[in-house]
Amino acid sequence: MLRTASLSGLGWWPRVSWTSFADTLKFSCFALFLILLVRPGDVPDPFALGPSLSLTALCLVTAALVWLPDLLAGRWPSTAIDRVLAIYLVIVALTSINTINAHAIMIAVLQLLGNVGVFYATIVLARKIPRSSEGILLLLVASIALIELMALAYHAEQGLQTRPVVYPVPEGWSGYPELGMLAVVQFGLLVAALQTIGGAPMFLVTAGLIIINLVELVFLYFRSSWPTVGLVVFAAACLMAWRSQLTRLLGTVAVVTVAGTVLFLANPTFRYLTASMISLDTAAKWSGSGYVPDPSIATNDMRIQIWRRTLTMISDHPARGVGLGNFQEVFEARYNPELNADGRRGVHAHNLWLHQIAELGLLGGAVYVVLWVRILAICWRSARERPTFLSLGLLLSIVGILGSNLTTNMFFLTGGASGRLQSLTWMLFGLAAAAPQRGD
């Protein structure tokens with residue numbers, strides 16, 4: 001843990017232990033990693049490895065600086081999910097032998113190893129400097145706010161009543177879904193703050209930030225974000241009901257309901273996209289005078305077709321899958337060769353867990369599901385037993401990531417925004433796994 005400097009020796013010179021100094025350096029390195037991960041702009045590529053490997057290199061360097069000293073000293077940061085994670089990695093290794101595209105598998109496996117390194121580095125840091133966990137979440141809220149406000153400003157240049165086909169997002173980010181997931185993560189953290197913060201003034205400030213967050217979500221026009229917002233509120237409701245603490249939750253529900261209703265009535269494109277979530281074939285956009293066909297908006301029927309074809313792909317490769325990172329090549333060549341009605345291809349399964357099952361087989365996909373279940377169980381138990389901004393924020397932000405991946409796959413690329421979101425998820429997993437468990 002960080003130690004405060006003490007006055008001793010000659011005059012006023014502060015004495016700081018090397019352990020404290022080393023921990024400070026680790027936290028500084030990790031904070032820099034988080035800023036590079038979430039900031040506007042591309043991930044640095046000092047070794048000219050390309051977009052697919054630049055983030056992986058950043059993860060590995062961060063893990064080496066933060067975790068490697070402990071590992072070399074024989075200190076393993078054991079967690080409640082070590083066994084599940086080890087089984088998952090073994091299955092990834094076995095299913096990576098003699099598959100379709102060895103180069104794609106190599107990049108995907110390296111990315112996974114980098115993310116596992118970030119996972120354990122996060123645990124080491126959180127246990128050495130317990131207060132760093134809250135600092136990481138607060139830094140995450142501020143970083144996401146910057147990106148979302150930039151995106152909202154770019155969108156305002158196009159006109160807030162339209163959904164532009166080409167969305168001028170902040171550099172380094174690719175569009176609606178990725179920014180939408182970031183906004184949902186921020187929403188979960190803000191709801192956690194609203195439930196745990198003290199004093200009416202801070203409650204009102206946090207409620208105001210939630211309203212700004214919902215405005216950002218409306219103008220991102222990512223349809224899946226709103227059901228996910230509902231899922232986050234439902235998770236908070238379950239926890240508060242368990243603890244018989246519903247007053248603040250009712251305040252949160254009131255803020256979300258009022259803000260959502262006003263935005264729904266004020267923005268015609270948002271009204272259409274809300275209606276399109278329950279329609280199979282509607283695809284239109286607001287033109288200023290009415291709704292016109294918009295082939296750039298995928299319909300629900302397209303997604304259902306992709307799910308069906310993915311299930312066929314899984315039935316054809318039930319034992320070993322097609323290998324990590326090989327989904328797109330196999331799916332587009334054999335199961336979805338034609339363009340979809342929106343002019344795009346089926347580059348992923350539009351569901352994170354279906355995608356994993358297709359790549360790793362039924363056993364590998366099942367272990368990946370268990371990994372998520374174990375993390376959520378840890379988060380739920382921590383939030384139930386010690387309801388703080390940290391424990392509740394981790395639960396709700398991870399629920400937000402889960403909800404965002406139900407109708408799409410946010411992690412389908414190793415680089416770019418997809419890779420950054422996956423590394424962020426493993427970091428949140430690490431913060432959750434670092435929490436002391438019952439009996440510790």
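Only one of Ala298, Ala275 is of a type outside the set (Lys, Arg), modelled with pLDDT under 70 and in a loop (DSSP other than H, G, I, E, B). Can you tell me which?
Ala298
Could you check Gln195 against (1) of a type outside the set (Gly, Ala, Ser); (2) more than 21 Å from the chain's Cα centre (by Cα); (3) outside any helix (DSSP H, G or I); (4) modelled with pLDDT of 80 or more and say which number it fails?
Result: Gln195 fails condition (3) only.
For residues that are at pLDDT below 50 and either under 21 Å from the mean Cα position of the chain (by Cα) or open to solvent by 70 Å² or more (accessible area, probe 1.4 Å) (or both), tally how many sit in the range 12-57.
Total meeting the criteria: 5.
Exactly one of these conditions fails for Thr261: (1) closer than 23 Å to Glu134 by Cβ; (2) open to solvent by 10 Å² or more (accessible area, probe 1.4 Å); (3) of a type in the set (Val, Ile, Thr). Give me its number.
(1)
Go through the range 360-377 and report how many residues are out of contact with any Asp or Glu (no Cβ under 9 Å at 6 or more places or on another chain), open to solvent by less than 10 Å² (accessible area, probe 1.4 Å) and not aromatic (Phe, Trp, Tyr).
5
Which helices (runs of 4 or more DSSP H) sit wholly inside the range 49-103 and have at least 3 residues that are in contact with a helix residue (DSSP H, G or I) (Cβ under 6 Å, 6 or more places away or on another chain)?
The qualifying helices (runs of 4 or more DSSP H) are 51-66, 82-95.
Which is in a helix (DSSP H, G or I) and either among the aromatic types (Phe, Trp, Tyr) or open to solvent by 70 Å² or more (accessible area, probe 1.4 Å) (or both), of Glu338, Glu329?
Glu329
Any residue that is polar (S, T, N, Q) and buried (at least 24 other Cβ atoms within 10 Å of the Cβ) - is there at least one of those in the range 427-439?
No: zero hits.
Scan the range 128-154 and report the pairs whose first residue is under 16 Å from Ser28 (Cβ atoms) and whose second residue is of a type in the set (Asp, Glu) and part of a helix (DSSP H, G or I), with Cβ atoms within less than 7 Å and a gap of 6+ or a chain change.
From the range 128-154, the pairs are Lys128/Asp23; Ile129/Asp23.
In the range 303-326, what count of residues is obtained for those that are farther than 26 Å from Arg223 by Cα, part of a helix (DSSP H, G or I) and touching a Ser or Thr at 6+ places or on another chain (Cβ under 7 Å)?
Total meeting the criteria: 0.
Filter the range 208-230 down to the residues that are part of a helix (DSSP H, G or I) and touching a Gly at 6+ places or on another chain (Cβ under 7 Å), then identify the one that is modelled with the highest pLDDT.
Thr228
Among residues belonging to the range 18-62 that are β-branched (Val, Ile, Thr) and touching a Phe, Trp or Tyr at 6+ places or on another chain (Cβ under 9 Å), point out the one that is farthest from Leu431 (Cα to Cα).
It comes out as Val61.
Given the condition hydroxyl-bearing (Ser, Thr, Tyr) and surrounded by fewer than 19 Cβ atoms within 10 Å (Cβ to Cβ), answer yes or no: does some residue in the range 147-155 qualify?
Checked against the condition, which is being hydroxyl-bearing (Ser, Thr, Tyr) and surrounded by fewer than 19 Cβ atoms within 10 Å (Cβ to Cβ), the range 147-155 yields at least one hit.
Quick check, is Leu246 open to solvent by 20 Å² or more (accessible area, probe 1.4 Å) and at pLDDT 85 or above?
Here the answer is no, as Leu246 does not meet what is asked.
A quick yes/no check of all residues on (1) of a type in the set (D, E, K, R); (2) modelled with pLDDT of 90 or more; (3) closer than 21 Å to Asp82 by Cα:
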{"residue": "Leu339", "(1), (2), (3)": "no, no, no"}
{"residue": "Arg344", "(1), (2), (3)": "yes, no, no"}
{"residue": "Trp353", "(1), (2), (3)": "no, yes, yes"}
{"residue": "Glu359", "(1), (2), (3)": "yes, yes, no"}
{"residue": "Val367", "(1), (2), (3)": "no, yes, yes"}
{"residue": "Leu376", "(1), (2), (3)": "no, yes, yes"}
{"residue": "Glu385", "(1), (2), (3)": "yes, no, no"}
{"residue": "Ser397", "(1), (2), (3)": "no, yes, no"}
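List, please: which pairs have Cβ atoms under 7 Å, are six or more places apart or on different chains, and start with a residue in the range 301-326 that is free of Cβ contacts under 8 Å to residues at least 24 places away in the same chain and of a type in the set (Asp, Glu) and end with one that is part of a loop (DSSP other than H, G, I, E, B) and open to solvent by 40 Å² or more (accessible area, probe 1.4 Å)?
Asp301/Leu280; Asp301/Asp281
Which residues, taken from the range 378-411, are of a type in the set (S, T, N, Q), open to solvent by less than 20 Å² (accessible area, probe 1.4 Å) and under 17 Å from Trp242 (Cα atoms)?
Ser382, Ser391
Within the range 64-117, track down each residue that is polar (S, T, N, Q) and touching a residue at least 40 places away in the same chain (Cβ under 8 Å).
Residues satisfying the conditions are Thr79, Thr95, Ser96, Thr99, Asn101, Gln111, Asn115.
Is it true that Arg420 is out of contact with any Pro (no Cβ under 6 Å at 6 or more places or on another chain) and either of a type in the set (Ser, Thr, Tyr) or farther than 26 Å from Ile314 by Cβ (or both)?
yes
How do the pairs read when you match residues in the range 207-227 that are free of Cβ contacts under 8 Å to residues at least 60 places away in the same chain and open to solvent by less than 40 Å² (accessible area, probe 1.4 Å) with residues anywhere that are part of a helix (DSSP H, G or I) and of a type in the set (S, T, N, Q), using Cβ under 9 Å and keeping only pairs 6 or more apart or on different chains?
These pairs meet every condition: Ala207/Thr252; Ile210/Thr252; Leu217/Ser225; Val218/Thr269; Tyr221/Thr269; Phe222/Ser404.
The values are calculated or read from the model by the stated rules, or taken from the named source; none is laboratory data. Quick caveat, the model's predicted, so the values are computed rather than measured. We place every Cβ from the backbone using ideal geometry, glycine too, and count neighbours over all the protein chains shown. What goes into the accessible areas is simple: the full protein's heavy atoms, side chains included, and nothing from ligands, DNA or RNA. Shrake-Rupley method; radii C 1.70, N 1.55, O 1.52, S 1.80 Å.
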